[in-house]
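What follows is a short report on a single structure.
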Amino acid sequence: MTASSALAAGGDLADGIARGDRRALARAITHVERDDATGRAVLAALYPRTGRAQSVGVTGSAGVGKSTLVARLAAEQRRRGRSVGIVAVDPSSPFSHGALLGDRIRMQELTSDPGVFLRSMASRGHLGGLAESASGVVDVLDAAGYDVVLVETVGAGQDEVEVASATQTTVLVTSPAAGDEIQSMKAGLMEVAQLLVVNKADLAGADTAVQQLLALLAIAAPRAWDPPVVKAVARSGEGVEELADRIDEHQRHVRDARHADAERRTLVEAQLVTLVTAALSRRALAEARRSGALGSLIDEVVARRRDPRSAAEALLAGIAATAAGDPAED
Amino acid sequence: MTAGAEQERRIRVLIAKPGLDGHDRGAKVVAASLRDAGMEVIYTGIRQTPQMIAEAALQEDVDVIGLSILSGAHLELFPRVVDALSERGIGSDDVLLFCGGIIPRVDWEAVRELGFRGVFGPGTDTREIASFIREQLPTLPARAL
């Protein structure tokens, strides 16, 4: 696809989304996820219309009940008269790069509600790629007019920390069974979560888990927003109303005129860092693969004639040497 | 692995079970095998209405839809799925349809006329389904780029 036809296709999709065409919305998400020229054109056209939705990321280890909680939270938001866009991320297989995306099974009741748009997304295992496309998908749903956009991600690794940069409010979900895990959460997610949920709070150990989290929060650096800890039982819906209230509170906080600008600057900075990191590695590596420079640099490092850092510098220097223009255009 | 450069098109497949079948082993086996063949498979679970299936196909922007049915109601339900899809502007010319489960050979012609290009019975080698998808997908006349 040529640059101008991609621009036109992106513009058409953006117009379709403005008219409420759900298929255009679905198609646009595909392009954004693929990070192709059409996807970029859609995002450029839609971006001025973003900023209305409350975007909420929900993350935590496998098995803590994220999907069920997200389904409950979405239902609660519907009860409050808000439309909901959901992005459910599941891991891609590192071997086949395929993925089995089963979140619709756990969100059955929502899938026949016209006020809900649910999109499953595979993590695709790309460096920075997940956060990159997730923030784009959030923007598209935001521009499409969804009042709330929920992003659900599996795990508690680096990818998930980055995904937090795609949303304004990040909810970290744990369970009483995850006690050891809480201990190990000294860095990383704790720092990016604005809300902590102890799910399965009907199980023994829930209060201990809450205490552990509060203790960890107490030693964190002081900040403008103190993350509350909410007990919930996603299966029964207990605590979900409180969670929605707390999210609203945090949203009022980030939109408060006194620091909205600073909050937004922080978010945008994180997004730019993610995008630049991804784009740089993409450009450096794509060009080096094509020219064969990557192979010869690897040979040199393998033979210990060169060290990895100077090899990386050489790859980065290669970007400057080639004409601007992204090799991964289509 | 790099972002973008290898962000080549992943084939997205919806595997759905219309009607009241109580078990879904076959559907899950197919879903897992297509994942292993490198596709992104959205599985919706059992007891899906035609509206739910069509809505999932739309929201997930899938390239392929596979319906699995064991109840014998395929000639009742498949046309309703096809109608629900076309109400949303999705046709068998832009999305590849196939089906499997218990579909008697006498019904294959009728099912094909509905737009299902592939019919796979019990005992099908799952690799056959993956190759079917790879071969047929590029031949769809209205496939979106």
Q) How about region A:140-159: which of its residues are at pLDDT below 80 and within 23 Å of A:Thr30 (Cβ to Cβ)? A) A:Val154, A:Asp159
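Identify all residues within region A:17-57 that are among the hydroxyl-bearing types (Ser, Thr, Tyr) and either under 19 Å from B:Val62 (Cβ atoms) or touching a strand residue (DSSP E or B) at 6+ places or on another chain (Cβ under 6 Å) (or both); write none if there are none.
A:Thr30, A:Thr38, A:Ser55, listed by residue number.
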Q.
Of the conditions (1) within 13 Å of chain B (Cβ to nearest Cβ); (2) modelled with pLDDT of 85 or more, A:His126 satisfies every one except a single condition; which number is it?
A. (2)
Q) If B:Arg80 passes every condition in (1) under 30 Å from A:Ser5 (Cβ atoms); (2) modelled with pLDDT of 90 or more; (3) among the basic types (Lys, Arg) but one, which one does it miss? A) (1)
Q) Out of region B:120-145, which residues are in contact with a Lys or Arg (Cβ under 8 Å, 6 or more places away or on another chain) and open to solvent by less than 20 Å² (accessible area, probe 1.4 Å)? A) B:Leu137
Q) Do we find a residue being touching a Gly at 6+ places or on another chain (Cβ under 6 Å) and either away from every other protein chain (no Cβ under 14 Å) or open to solvent by 60 Å² or more (accessible area, probe 1.4 Å) (or both) anywhere in region B:102-119? A) no
Q) What residue, among those in region B:67-95 that are of a type in the set (S, T, N, Q) and surrounded by fewer than 23 Cβ atoms within 10 Å (Cβ to Cβ), is nearest to A:Ala26 (Cα to Cα)? A) B:Ser86
Q) Taking region B:31-48 only, how many residues are assigned to a loop (DSSP other than H, G, I, E, B) and either in contact (Cβ under 8 Å) with a residue 40 or more places away in the chain or in contact with a helix residue (DSSP H, G or I) (Cβ under 7 Å, 6 or more places away or on another chain) (or both)? A) 4
Q.
Consider region A:76-102. How many of its residues are more than 23 Å from A:Arg255 (Cα to Cα), aliphatic (A, V, I, L, M) and in contact (Cβ under 8 Å) with a residue 40 or more places away in the chain?
A. 2
Q. Counting only residues that are at pLDDT below 90 and within 9 Å of chain B (Cβ to nearest Cβ), which one in region A:106-119 is nearest to A:Val84 (Cα to Cα)?
A. A:Thr111
Q: Report yes if some residue within region B:46-66 is open to solvent by 50 Å² or more (accessible area, probe 1.4 Å) and more than 28 Å from A:Ile86 (Cβ to Cβ); otherwise report no.
A: no
Q.
So, A:Ala53, is that one at pLDDT 95 or above, away from chain B (no Cβ under 11 Å) and under 21 Å from A:Thr274 (Cβ atoms) or not?
A. yes
Q: Determine which member of the set A:Leu43, A:Leu100 is outside the structural domain of A:Phe117 (by TED's automatic domain parsing), in contact with a helix residue (DSSP H, G or I) (Cβ under 6 Å, 6 or more places away or on another chain) and not β-branched (Val, Ile, Thr).
A: A:Leu43
Q. Going through region B:103-117 one residue at a time, which ones are modelled with pLDDT under 95 and within 15 Å of the chain's Cα centre (by Cα)?
A. B:Ile103
Q. What are the residues in region B:12-58 that are at the interface with chain A (Cβ under 9 Å from one of its Cβ atoms) and more than 24 Å from A:Leu110 (Cβ to Cβ), if any?
A. B:Ala32, B:Leu34, B:Asp36, B:Ala37, B:Gly38, B:Met39
Q) What pairs can you find where one residue is in region A:305-321 and farther than 11 Å from A:Ala293 by Cα and open to solvent by 60 Å² or more (accessible area, probe 1.4 Å), the other is in a helix (DSSP H, G or I) and modelled with pLDDT under 90, and their Cβ atoms are less than 6 Å apart, with a gap of 6+ or different chains? A) A:Leu316/A:Ala284
Q: Go through region A:69-100 and give me each residue that's away from chain B (no Cβ under 14 Å) and either on the phi < 0 side of the Ramachandran plot or buried (at least 23 other Cβ atoms within 10 Å of the Cβ) (or both).
A: A:Leu69, A:Val70, A:Arg72, A:Leu73, A:Ala75, A:Glu76, A:Gln77, A:Arg78, A:Arg79, A:Arg80, A:Arg82
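The values are calculated or read from the model by the stated rules, or taken from the named source; none is laboratory data. Note that the coordinates shown come from a computational prediction; the quantities given were computed from them, not determined experimentally. Neighbour counts are summed over all protein chains in view; Cβ atoms, including those assigned to glycine, are modelled from backbone coordinates with ideal geometry. These area figures cover heavy atoms from the full protein model, side chains too; ligands, DNA and RNA do not enter into them. Shrake-Rupley method; radii C 1.70, N 1.55, O 1.52, S 1.80 Å.
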